[in-house]
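Everything below concerns the one structure shown next.
The values are calculated or read from the model by the stated rules, or taken from the named source; none is laboratory data. Being a predicted model, the structure only gives us computed values, none of them experimental. Note: ideal-geometry Cβ built from the backbone for every residue, glycine included; neighbour counts use all protein chains shown. Surface accessibility is based on the protein's heavy atoms, side chains included, excluding ligands, DNA and RNA. Shrake-Rupley method; radii C 1.70, N 1.55, O 1.52, S 1.80 Å.
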Amino acid sequence: MTVTVRFAPSPTGFLHVGNVRTALHNWLFAQRHGGEFILRLDDTDGERSKAEYADAIRNDLQWLGIEWSREIKQSDRFALYDAAVEALKAAGRLYPCYETPDELDLKRKMQLAQRKPPVYDRAALALTDAEKQAFEAEDRRPHWRFKLIETERVEWVDLVRGDISIDMASLSDPIVVRE
């Protein structure tokens, strides 16, 4: 098995010590195992991502002696992501949600006040087509959540922490496409 690791900074600013720590650990791990270290520029924030920050990231890594085998830009992969989103929608694994950030924040605060974990309640799964159309008419655009399988417990072996497991019902369905 070939070890492949990546370092995925966002070119919205300069590297900081936390970035460097992550890059160094990943690069050293790849070196130790004869693997591949990928520089993946997470340049999906079109407003804040700047070429000069990407250049500075490359220069800083080179100054540190960290070499990458290849570079990937997230923005070059939008077509792949769009195809994956459509496949997940067709499989029923993504669902649209229309809550505003303020509404979601209020839900979280209410759950915490009741000493419950702030897990998304999946209210959007109960929306009718008419309710969705009404939200769209209000000019609300949905964010899309990935529907986790609540009955599963996921287990894996972490190279640092050892055996890890998590009850999927304790997690919110993650947002994979923002409005």
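At a 1.4 Å probe radius, which order do D163, D43, D121, D158 fall into by accessible area, largest first? Walk me through the numbers before you get to the answer.
Values: D163 135, D43 30, D121 85, D158 50 Å².
Ranked from most to least accessible, the order is D163, D121, D158, D43.
Please list 3J(HN,Hα) in residue order for the range 163-179, calculated via the Karplus relation 6.51 cos²θ - 1.76 cosθ + 1.60 where θ = phi - 60°; whole Hz, with x for glycine and proline.
5, 10, 8, 8, 7, 4, 5, 8, 10, 7, 4, x, 7, 10, 9, 7, 4
Which whole-angstrom value gives the distance between the alpha carbon centres of the range 128-170 and the range 77-96?
14 Å
Whose amide H sits under 5 Å from the amide H of Y120, counting only residues 5 or more places off or on another chain, with H placed in the peptide plane?
Placed amide hydrogens put S172, D173 under 5 Å from Y120.
So, with +1 on the Cβ of K and R and -1 on the Cβ of D and E, and no other charges, what is the size of the charge dipole of the range 1-141 about its Cα centre, to the nearest 20 debye? List each step's numbers first, then the result.
On the way: 21 positive and 23 negative charges, 150 e Å.
Taking the Cα centre of the range 1-141 as origin, the dipole is about 720 debye.
Considering only Cα-Cα distances, which of the following residue pairs are longer than 30 Å: K109/K132; K73/K107; K50/K116; K73/K116? Walk me through the intermediate numbers first.
Values: K109/K132 25 Å; K73/K107 36 Å; K50/K116 41 Å; K73/K116 39 Å.
Too far apart for the 30 Å limit: K73/K107; K50/K116; K73/K116.
Among residues other than D167 whose Cβ falls under 13 Å from its Cβ, what is the net charge (Lys/Arg +1, Asp/Glu -1)? Could the numbers behind the result be given before it?
Numbers: positive: R153; negative: E150, E152, E155.
Its environment carries a net charge of -2.
With both bridge residues required to lie in the chain, what share of the DSSP beta bridges run antiparallel, to the nearest 5%? Let's see the in-between values first.
On the way: 12 of 20 bridges.
Antiparallel: roughly 60 percent of the beta bridges in the chain.
Calculate what fraction, in whole %, of the accessible area of the chain sits on carbon and sulfur atoms when a 1.4 Å probe is rolled over the protein chains.
Working: 6470 of 12330 Å².
That fraction is 52 percent.
Which of the helices in the chain, when you take each full DSSP H run, stretch at least 15 Å along the axis at their Cα atoms and have an average Kyte-Doolittle score of -0.5 or higher?
On the way: long enough: 17-32 (22 Å, -0.14); 51-63 (18 Å, -0.81); 78-90 (18 Å, 0.88); 101-113 (18 Å, -0.98).
Helices meeting the span and hydropathy rule in the chain are 17-32, 78-90.
Step through the residues of the range 156-161 one at a time and calculate ³J(HN,Hα) from phi using the Karplus curve (6.51 cos²θ - 1.76 cosθ + 1.60, θ = phi - 60°), rounding each to whole Hz and writing x for Gly and Pro.
Listing the rounded values in order: 7, 9, 8, 5, 9, 8 Hz.
For I72, list long-range residues whose amide hydrogen, built 1.01 Å from N in the peptide plane, is under 5 Å from its own amide hydrogen.
HN-HN under 5 Å from I72: L39, R40, L41.
Give the average over all directions of the projected area of the C-alpha convex hull of the chain, one decimal, in nm². If you can, show how the numbers build up before the last one.
On the way: hull surface 55.9 nm².
Orientation-averaged projected area of the Cα hull: 14.0 nm².
Only loop residues by DSSP count here, and only those with at most 15 other Cβ atoms within 10 Å; note down the GluC sites (Glu not before Pro) in the range 31-60 that meet that. Spell out each step's value before the answer.
Values: sites: E36, E47, E52; in loops: E47.
Of the GluC sites (Glu not before Pro), the ones in loops of the range 31-60 whose Cβ has at most 15 other Cβ atoms within 10 Å are E47.
Amide H to amide H, which residues 5 or more places from V177 or on other chains are under 5 Å from it, using H placed in the peptide plane?
Close amide H contacts, sequence-distant or interchain: W144.
Tell me what the chain gives for mean residue ellipticity at 222 nm when only DSSP H runs of n ≥ 4 count, each as -39,500 (n - 2.57), the sum divided by the residue total, rounded to 500 deg cm²/dmol.
Numbers: 5 runs with 64 residues, N = 179.
Roughly -11500 deg cm²/dmol at 222 nm, from the helical runs in the chain.
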